[in-house]
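Following this message is one structure expressed as structure tokens.
Every number in this text was worked out from the coordinates using simple rules, so none of it is lab data. The structure displayed is predicted, hence computed values, not measured ones. Here the Cβ positions follow ideal geometry from the backbone for every residue, glycine too, while neighbour counts run over all protein chains shown.
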Amino acid sequence: MEVVRASSGSSDSARTRALRLPPEIVERAAQSLCWVSIVCAVTSVVTFMLQNYLQPEMAAMLTHPFQRLTTLGLVFLSLGFLVLMRAGWVSKEVLLDLGTVFRVVVAFAIGVYETGMPITAEAPVRGLSGVAVWMVFTGFLLPNSPLKAGLAASGSVMAWPLAYWVNLQVHGFDPAPMNRLFVWMFPIVIMAVWSCVINARTIRMEMSKQKAEDLGSYQLDFMIGRGGMGEVWRARHKMLARDAAIKLIRPEMLAGVSGRQEQIARRRFELEAQATASLRSPHTVALFDFGQTKDRAFYYVMELLDGVDLQTLVERYGPLAESRVVKILLEACESLEEAHRHGLVHRDIKPKNILLCRLGLQYDFVKVLDFGLVKSLQGSDVSLMTLDGTATGTPAYLSPEVAMGEAKIDGRADLYSLGCVAYFLLTGQMVFTETNPTALALAHVQKRPAPLRERTELKISEGLEAIVLRLLEKDPANRPRSAQELSRQLRALTDIPRWSKEQAMEWWQTNLPETAATAVAESSSDKLEPVGAQLKG
């Protein structure tokens, strides 16, 4: 997950901000559009029938083909939005964009109805145009970004005179006096302005509420991370005064996908929390709580860690000493061994998902993160697919059996990925350097990795290199049988000195003296921002 400072919104362009709608409003407005479309369809039919019955003198106008087609089109358009919403064929953002067009079309239909009778100089204008009422009604229920709300208001204002002009052509009415037209249009223009004000106020209120939203016993402070399917917030327990990290499904992602993809994302997030909660290893990120917000977004609460992921570590400081790599692998094996004994395969072991942190007086303490692609070995179908249904995992660290889409995989798939991680830590380079995901996946299936000592000038013992290359065997049967067996092989390396606590403490005090929370909070700093478990997506 990329680091996102608390002030990240300020980096957006003005155009992007003008088009962006807070995700929580997208969710609520999409649901409101469903009800508005029902109301619109029912009201159109009922109004047509009542007017025909109660005002027979309007029958000629109401039964005109143009009026009937307008009413029928409005009913079908309203029902079409209801079907589109229920089927989940388009994202909620696209649905709201279509809803903007819907608002203008309804305004046009109202104008057609209101101007279907001649407007004369003798008959004064009484009351408001239905277009003005419609704009205020939809301004409350269907908020949108300021730019799109302005377009909807402007389009609705122009819809009435357009409808009047069309009726003049269809029915051959004499043009109305300008003062009468002004009286009709003036309230519409005023309500267009107020609808934009209401829209902006609704968005501001929603954004203010998000800053202080409560999730169970936790109070959100500020967002500190964003990734492929999640937002992470720094939070504090209201009773225990304990800092924590809260991970939510990223609302923007849910607003931009179809209904089916949203269900997949929510299920994947839920199973990630369940898998993490079932593990107790100190080297697996701890999960405190799990729940659902009022707008149906899943969240879970995990420990707030002070650390840096292995990807960032190598990118900033280069390959690691082999003694340090051995320690990292040993602690990662403890986490994986427990998961495998619980019948769970991680399937996305990579440097970004292994955090090196400072925990109390311990330095270089490993935490394995992100069980979002976990797969059960017990036969139950809890495997979580990606949004497009393709193979799961990260191509650069994908085991051959996962790349081939084999149904039966076990913990040795994670050991292959851990071998790729070890290769990266020791050499600073990925095992294979193909430039696209498909070629990378095929390389894991077909190519033999180059010996580590050909890819780096640093000292690597023959024993450690042999272990890493054995982890990278194409056939799982040729790899260590378990993480526990891998641990025994690593501990048997007598030619590699132990990475001591003193070495670890000295490295941290020299390179990462600040906590991750402090670095994130100082949004104007250009220093390294350590990435903690809270920054995983």
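Would you please state which residues of segment 35-49 a label at Arg86 would reach in this model, taking the label point 7 Å out along Cα→Cβ and a backbone N cut-off of under 17 Å?
35-43
For Asp243 and Val189, FRET efficiency with R0 = 60 Å and r from the beta-carbon atoms, rounded to 0.05?
Working: r = 52 Å, r/R0 = 0.86.
Calculated value: 0.70.
On full extension of the chain, what length is gained from Thr456 through Gln263, given 0.36 nm per residue of separation minus the C-alpha to C-alpha distance?
65.0 nm
Go through Lys367/Lys474; Lys352/Lys447; Lys148/Lys247; Lys327/Lys459; Lys327/Lys367; Lys352/Lys408 and tell me which ones have a Cα-Cα distance over 20 Å in this structure. Write down the numbers at each step before the final one.
Numbers: Lys367/Lys474 27 Å; Lys352/Lys447 24 Å; Lys148/Lys247 30 Å; Lys327/Lys459 16 Å; Lys327/Lys367 12 Å; Lys352/Lys408 25 Å.
Too far apart for the 20 Å limit: Lys367/Lys474; Lys352/Lys447; Lys148/Lys247; Lys352/Lys408.
With each pseudo-label sitting 7 Å past Cα toward Cβ, what's the Glu502-Gln55 distance in nm, one decimal?
Taking the simple label geometry, Glu502 and Gln55 are separated by 9.5 nm.
Continuing with this model, one more query. So how much slack lies between Val166 and Thr435, counting 0.36 nm per residue of separation and subtracting their Cα-Cα distance, in nm?
In short, 91.0 nm is gained.
What list of ³J(HN,Hα) values in whole Hz, one per residue of segment 275-285 in order, does the Karplus curve 6.51 cos²θ - 1.76 cosθ + 1.60 (θ = phi - 60°) give from phi, with Gly and Pro shown as x?
5, 5, 5, 7, 9, 10, 4, x, 9, 10, 3
Between Met404 and Val46, what length in nm is gained on full extension when 0.36 nm per residue of separation is reduced by their alpha carbon distance?
On the way: separation 358, 0.36 × 358 = 128.88 nm, distance 5.90 nm.
Result: 123.0 nm gained on full extension.
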